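Quick note: the coordinates plus some simple rules give every number you see, no bench work behind them. Small disclaimer: the values here were computed from a predicted structure and weren't measured. Quick reminder, even Gly has a Cβ in these numbers, built from the backbone with ideal geometry, and neighbours come from all protein chains shown.
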Amino acid sequence: MVLYRRNRLPGGTYFFTVTLAERGSDRLVRHIGLLREAFRVARRERPFRIDAIVILPDHLHTVWTLPPDDADYPGRWRRIKANFSRRVAAVDPTVPKNRRGEYRLWQRRYWEHTIRNDTDLAHHIDYVHFNPVKHGLVERVRDWRFSSFQRYVRAGLLPADWAGTAGQGEHDPS
């Protein structure tokens with residue numbers, strides 16, 4: 001068995017990829033309101049800043065910054081996943097369960113990367129925002145509704161036409 005150790009840095013900034021167990025599902029966007037509420041509950045209980053986020057049909061990417069004295073992102077993910085799973089199961093009886101009767105909506109593990117510096121942060125935020133184009137869900141970054149990209153445009157951090165149009169010499173940050 002492989003021993004996987006996560007890097008825990010109080011006040012750290014992290015990039016995450018979190019995926020549904022059923023690849024090809026659309027539950028994250030179909031139940032976007034329930035997912036947003038699961039994030040709100042977790043942030044009320046254990047604050048953290050969402051620096052960037054994109055929700056795709058079967059997975060999400062996000063960049064978080066934790067409070068200076070806190071490194072417990074696994075606890076936050078447990079809370080978000082459990083809350084969303086319960087809420088979805090209440091409206092969708094097809095949510096699968098394991099042998100112990102637990103909802104099997106999410107993959108057990110997730111990808112985490114500790115952000116090292118400002119360049120690394122910028123690269124991962126670009127990756128988050130460009131991901132819907134990469135997956136062929138939209139032609140332009142601005143056309144995907146479930147992303148922090150619009151917040152960046154409103155704040156004047158990125159232009160609305162950032163990354164251009166798919167297939168026309170766009171800027172692919174990945």
Counted residues in region 77-122 being loosely packed, with under 15 Cβ neighbours inside 10 Å, in contact with a Leu (Cβ under 8 Å, 6 or more places away or on another chain) and in a strand (DSSP E or B) come to 1
Among the residues of region 127-135, are any farther than 16 Å from TYR14 by Cβ, within 14 Å of the chain's Cα centre (by Cα) and polar (S, T, N, Q)? yes
Reported set for region 1-45 where residues are among the charged types (D, E, K, R), outside any helix (DSSP H, G or I) and either under 24 Å from ARG116 (Cβ atoms) or touching a residue at least 40 places away in the same chain (Cβ under 8 Å) (or both) is ARG5, ARG6, ARG8, GLU22
Of the residues in region 138-155, those that are of a type in the set (A, V, I, L, M, F, W, C) and not in a helix (DSSP H, G or I) come to VAL138, TRP144, PHE146, ALA155
When ALA52 is run through (1) within 15 Å of the chain's Cα centre (by Cα); (2) part of a helix (DSSP H, G or I); (3) more than 15 Å from TRP111 (Cα to Cα), the failure sits at (2)
Counting only residues in region 22-63 that are touching an Asp or Glu at 6+ places or on another chain (Cβ under 9 Å) and within 15 Å of TRP77 (Cβ to Cβ), the one surrounded by the fewest Cβ atoms within 10 Å (Cβ to Cβ) is identified as PRO47
